[in-house]
Amino acid sequence: MKVMIRKTGTGLSAYVSKKDLEEPIVAMENENLWGGCVLLRNGWRLALPDLPKDTRLPITVEAKKISEED
């Protein structure tokens, strides 16, 4: 799914336009964000592509939804 990652005043957030959903990123597997999973506040885990750590935000990437906590 296409996900836009951007910086906000409180941290990073992910926006999924197909779902009209924007959620803060509350945990990251990798310190530099890319190439690992992130956890959104709503419980979704997304696998992000492996990009250079100096990739500029905002950016739209192809992410894979791993799970959704109930």
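The values are calculated or read from the model by the stated rules, or taken from the named source; none is laboratory data. If you're wondering where the values come from, they're calculated on a predicted model, not measured in any experiment. Ideal geometry is used to build each Cβ from the backbone, glycine not excepted, and the neighbour counts take in all protein chains shown.
Every residue, every condition in (1) within 14 Å of I66 (Cα to Cα); (2) of a type in the set (V, I, T); (3) in contact with a Gly (Cβ under 7 Å, 6 or more places away or on another chain), yes or no:
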{"residue": "S13", "(1), (2), (3)": "no, no, no"}
{"residue": "K18", "(1), (2), (3)": "no, no, no"}
{"residue": "L21", "(1), (2), (3)": "no, no, no"}
{"residue": "V26", "(1), (2), (3)": "no, yes, no"}
{"residue": "N30", "(1), (2), (3)": "no, no, yes"}
{"residue": "C37", "(1), (2), (3)": "yes, no, no"}
{"residue": "G43", "(1), (2), (3)": "yes, no, no"}
{"residue": "D54", "(1), (2), (3)": "no, no, no"}
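So, in the stretch 7-17, of the ones that are exposed (fewer than 14 other Cβ atoms within 10 Å of the Cβ) and outside any loop (DSSP other than H, G, I, E, B), which residue ends up modelled with the lowest pLDDT?
Going through the qualifying residues, I end up with S17.
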